[in-house]
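What follows is calculated from the coordinates using simple rules that are stated; it is not laboratory data. Since the structure is predicted, the reported quantities are computational estimates derived from the model, not experimental observations. Positions of Cβ are backbone-derived with ideal geometry, glycine not excepted, and every protein chain shown enters the neighbour counts.
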Amino acid sequence: MSAAGQLRGRTALVTGAGRGIGLAIARRLGREGANIVVGDIDADVAKDALADSDFPHLVQPLDVRDEAQAAAFVAAAEQRFGTVDIIVNNAAVLDMTPFTDLTMDRFHKVLAVNLDSVLTMTQAAVPAIERAGGGRVLNIASIMGLRGAKDSIPYSTAKGGVINLTRCLACELAGKNITVNAIAPGFIDTRMAITRTGDHEHQSELFQKFYLGHGKIPLARAGLPDDIAGPALFFSGDDSRYVTGQTLLVDGGLSATF
Ligand SMILES: NC(=O)c1ccc[n+]([C@@H]2O[C@H](COP(=O)([O-])OP(=O)(O)OC[C@H]3O[C@@H](n4cnc5c(N)ncnc54)[C@H](O)[C@@H]3O)[C@@H](O)[C@H]2O)c1
């Protein structure tokens, strides 16, 4: 652990940090001195992923859809480390369902994980963050929350909701000295990039020719989980003290062109 890290003495909760973007964020905040509390529905995966970490951490089984589990998660963090200063609402599931196959049940199930949980987890964490004198909420949205795409109604609608929920929560929580921001990643190389047929999306002809070959991603590569960790550190630390309600697109420039 970096004793001189900018988050020394603070406790950061990261949901869905057993792998992928959440894990990269947890590791980065931990390297900056934060105590890390990870909640994941796959708690065993998270325990294995963090087993070698040299920063203080706690892994809790957590289904972000469950209000009682959300409360227990926050209580466990506060009990172990004394304060809760930061929550990163990262857990989500990908859903690609064609319009003609989409049922309301499916729609609501995806919204429950990807949108409702951001409110549930934030409501659970805010009293503890208030007791700490204020802090940070960071939501992981998606560029799909800013654009329409085929077969993505539940996922994109949920992520669009996360972006405006971020603005609303920023207004609600400013008086408690809590900032609320979001990161909207573009194409990032995680489990979510593996398609239903088992192929890697970033190896596909479409991605290689259209997105890379034709300059649709100006930085000409897919992102890595660590590409999200630096911006997450900014929103978790003191340098973002006068930023709230914002969504930063971390997409290699994809949204800068057409
Ligand atoms: N990978 C991308 O290209 C990309 C792009 C834009 C946004 N995002 C967003 O980034 C975030 C992280 O995605 P990722 O790519 O690392 O995905 P991932 O599938 O690798 O990781 C998601 C994690 O969330 C956990 N999770 C799922 N449902 C949960 C639940 N109900 N309760 C608790 N944990 C749960 C999973 O177990 C997993 O560890 C998500 O919000 C995702 O929508 C990803």
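Pairs of Cα atoms under 8 Å, at least six residues apart: use those to get the relative contact order of the chain, whole percent.
18
Sum -39500 (n - 2.57) across every DSSP H segment of at least 4 residues in the chain, then divide by the residue count to get the 222 nm mean residue ellipticity, nearest 500.
Result for the chain, helices only: -11000 deg cm²/dmol.
A 31 angstrom limit on the alpha carbon distance is what I want to check against. Which of Lys150/Lys176; Lys159/Lys216; Lys150/Lys209 exceed it? Working shown, then result.
Details: Lys150/Lys176 40 Å; Lys159/Lys216 21 Å; Lys150/Lys209 19 Å.
In this structure, Lys150/Lys176 lie more than 31 Å apart at Cα.
Against the longest alpha carbon principal axis of the chain, how many degrees, from 0 to 90 and to the nearest 10, is the axis of helix 225-236 turned?
The two axes meet at around 40 degrees.
What does DSSP give for the chain in terms of the percent of beta bridges that are antiparallel, rounded to the nearest 5? List each step's numbers first, then the result.
Details: 1 of 29 bridges.
Just about 5 percent of them are antiparallel.
Working from Cα positions, state the angle (0 to 90°, nearest 10) between the long axis of helix 117-131 and the longest principal axis of the chain.
20
Suppose every K and R has +1 on its Cβ and every D and E has -1 on its Cβ; what is the size of the dipole of the chain about the Cα centre, in Debye to the nearest 20?
The calculation lands at about 520 debye.
So what's the angle, to the nearest 10 degrees on a 0 to 90 scale, between helix 20-31 and the longest Cα principal axis of the chain?
Between helix and principal axis, roughly 30 degrees.
Can you tell which of Phe210, Thr190, Thr257 lies farthest toward the positive end of the dipole of the chain, using +1 and -1 charges on the Cβ of basic and acidic side chains (Lys, Arg; Asp, Glu)?
Thr257
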